[in-house]
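Participant: Here it is, the structure in full.
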Amino acid sequence: MRDYYEILGVRPDASVAEIRRAYRKKAKILHPDHSKKSSEEFIELRKAYETLSNARTRALFDENSNARQYEKRQSTRKETFDYRTWLLSRDDDESRAKLIFFDLLHHNEDAAVAEFKRMNMKNSSFRLSRWFTREDFMDFGFILSEELVLRQEYYDAVILLGQIIQMEYSYQYFRLFFPEVKELARHVLRNDIEGSVSDELAIDAWEQALDLRFGKHDDIFFLQKMAAAYERIGDPRTARICREEALRLEE
């Protein structure tokens, strides 16, 4: 059996976030729709990803690879410099942003989500994208969005996904994975936002969704939801404007 870690180009102690990112990077190169390389390479890459991204199958793979146990012990040796401790000791936005992605990559997803929410509450102008390359932000931002959704932090997730989607429109990076990014945002906006946050925040999320090019039917849905929310908060005038715009799109 080929070494799946080697196929993906990750360490034996790689986190799920690292595995997802490595797979997306290689899949964009090897996918049959975008490459003349052998489709067998892509199939092998897909098998490696499916095995290592699942906790149960990864554990079975590791158990059947005696050399892997040695590699794991080597890769988990304590380093002299503790980068995470150093980041924790600093309170500037750059260090906290780097701490979020560091935890995301090192099996500490709960801490990454908690720190992201803390920084957003502390500073409304806090932006992860400021401290990373566009590609790193889009990749790790999407993984963070998935973690936020898993923890039912829907508003934070769709705002982050909105930033990523807008970046994709201006600079194609995800390519064949972009429908997955967009569908996650669409699902949360249609099914999870309402009732999980205040009407004001839900309106903000739906209003931003109108700029994400989901399509006419989704835009009508968002406008109708906005109208109902404006009615609930006592703003019938704006509710009427939203309904009129929805009717115009239906024509």
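The values are calculated or read from the model by the stated rules, or taken from the named source; none is laboratory data. No experiment lies behind these values; they were computed from the predicted model shown. All Cβ positions, glycine included, derive from the backbone under ideal geometry; neighbour counts span all protein chains shown. Quick note on the areas: whole protein, heavy atoms, side chains included, nothing else; ligands and nucleic acids left out. Shrake-Rupley method; radii C 1.70, N 1.55, O 1.52, S 1.80 Å.
Participant: Anything in region 164-179 that is surrounded by fewer than 19 Cβ atoms within 10 Å (Cβ to Cβ) and either of a type in the set (K, R) or within 11 Å of the chain's Cα centre (by Cα) (or both)? List them, or say none.
Facilitator: Matches in region 164-179: R175 only.
Participant: Look at region 199-250 and say how many of its residues are assigned to a helix (DSSP H, G or I), open to solvent by less than 20 Å² (accessible area, probe 1.4 Å) and of a type in the set (A, V, I, L, M).
Facilitator: Residues in region 199-250 being assigned to a helix (DSSP H, G or I), open to solvent by less than 20 Å² (accessible area, probe 1.4 Å) and of a type in the set (A, V, I, L, M): 11 in total.
For every residue, the table says whether it meets (1) within 24 Å of F101 (Cβ to Cβ); (2) among the acidic types (D, E).
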position	(1), (2)
Q163	yes, no
E168	yes, yes
A185	yes, no
N191	no, no
V197	no, no
I203	no, no
W206	no, no
A209	no, no
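Participant: Looking at F126, is it open to solvent by 50 Å² or more (accessible area, probe 1.4 Å), modelled with pLDDT under 95, outside any helix (DSSP H, G or I) and at negative phi?
Facilitator: Answer is no for this residue.
Participant: Further question: For region 187-201, name all the residues that are charged (D, E, K, R) and under 15 Å from R151 (Cα atoms).
Facilitator: Hit for region 187-201 is D192, nothing else.
Participant: Scan region 13-32 for residues that are open to solvent by 20 Å² or more (accessible area, probe 1.4 Å) and in a loop (DSSP other than H, G, I, E, B) and jot them down.
Facilitator: The answer is D13, H31, P32.
Participant: Do we have E183 as in a helix (DSSP H, G or I) and open to solvent by 40 Å² or more (accessible area, probe 1.4 Å) here?
Facilitator: Criteria met by E183.
Participant: Return only the number of the condition from (1) surrounded by 13 or more Cβ atoms within 10 Å (Cβ to Cβ); (2) at pLDDT below 85; (3) more than 19 Å from D139 (Cα to Cα) that Y5 does not satisfy.
Facilitator: Single failed check for Y5: (2).
Participant: Between residues in region 210-222 that are in contact (Cβ under 8 Å) with a residue 60 or more places away in the chain and residues that are charged (D, E, K, R), which pairs lie under 8 Å by C-beta distance while being six or more apart or on different chains?
Facilitator: Nothing qualifies.
Participant: Within region 96-123, can you find the residues that are open to solvent by 30 Å² or more (accessible area, probe 1.4 Å) and farther than 27 Å from P12 by Cβ?
Facilitator: A114, K117, R118, N120, M121, K122, N123
Participant: Please give the number of the condition Y173 fails out of (1) of a type outside the set (D, E); (2) part of a helix (DSSP H, G or I); (3) closer than 21 Å to R21 by Cβ.
Facilitator: The single condition Y173 does not satisfy is (2).
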